Amino acid sequence: MVKKLILVTSPPACGKTYVSKKLAERLKHVVYLDKDTLIVLSRQIFEVAGQPYDRSSAFFEENIRDYEYACVVELALEALTYDDIVLINAPFTREIRDMQYIAALKEKLAAKNATLVVIWVETEPEIVHQRMIARNSDRDTWKLAHWDEYLAGCNFAIPENLDDPSVKDDLLIFRNNDEEEFEQSMRSCLKILEETMDEDFGV
């Protein structure tokens with residue numbers, strides 16, 4: 001039996017959390033993990049270090065960001081010992097374009113008899129801007145105050161480096177600009193995931 005680690009990824013405010021939760025509700029034998037759950041620990045690191053809480057700061061980049069990702073991935077790898085699918089909701093914006101990182105992750109997954117699925121949530125930047133304003137989160141304070149600068153450094157391109165034509169579910173695109181796209185993408189992604197689970201399990 002082959003298990004799956006699903007990464008639901010995209011730049012912030014593309015709808016990852018909503019997409020992730022709706023996918024997790026419709027999948028069977030799935031463990032749902034959200035990297036934002038670790039924010040409570042990250043806040044404490046800022047406080048203990050005497051730093052202002054700023055997830056766009058150099059302090060965050062140097063001392064927190066990569067450790068949040070390492071932690072949630074380790075939790076996922078451990079969970080795969082006990083269940084068939086683990087879904088992580090997190091941007092992974094740098095990691096999914098780093099093929100060395102991806103190769104190392106696939107190697108760890110192979111030891112768990114698991115494969116990697118990346119679901120890229122595709123949303124237009126202007127819609128992201130609207131959603132970021134609407135959610136009114138302190139995570140976005142710097143982004144909204146420096147929107148053009150943030151947008152210039154944000155990669156909305158599909159990570160096509162992950163796509164192997166011989167693998168059905170290594171990279172799935174979930175279009176999320178409106179409700180109609182959402183429903184079409186949900187049906188398509190679930191169909192592919194269910195088909196590949198059946199193939200993996202020899203059904």
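With respect to the conditions (1) β-branched (V, I, T); (2) in contact with a Lys or Arg (Cβ under 6 Å, 6 or more places away or on another chain); (3) more than 23 Å from I192 (Cα to Cα), I133 falls short on a single one, namely (2). In the range 1-96, counting only strands (runs of 3 or more DSSP E) that sit wholly within it, none holds 1 or more residues that are among the aromatic types (F, W, Y) and surrounded by fewer than 16 Cβ atoms within 10 Å (Cβ to Cβ).
To keep it simple, each residue is scored yes or no on (1) within 23 Å of L144 (Cβ to Cβ); (2) touching a His at 6+ places or on another chain (Cβ under 8 Å); (3) of a type in the set (S, T, N, Q); (4) without any contact (Cβ under 8 Å) to a residue 12 or more places away in the chain.
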residue	(1), (2), (3), (4)
V40	yes, no, no, yes
Q44	no, no, yes, yes
A49	no, no, no, no
Y67	no, no, no, yes
A70	no, no, no, yes
E74	no, no, no, yes
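The residues of the range 107-131 that are among the acidic types (D, E) and under 17 Å from I173 (Cα atoms), listed by number, are E122, E124.
Computed from the coordinates by the stated procedures, all read-outs in this text should not be read as laboratory data. Treat the numbers as computed from the prediction; the structure is a model and nothing was measured. Cβ: placed from backbone, ideal geometry, glycine included. Neighbour counts: every protein chain shown.
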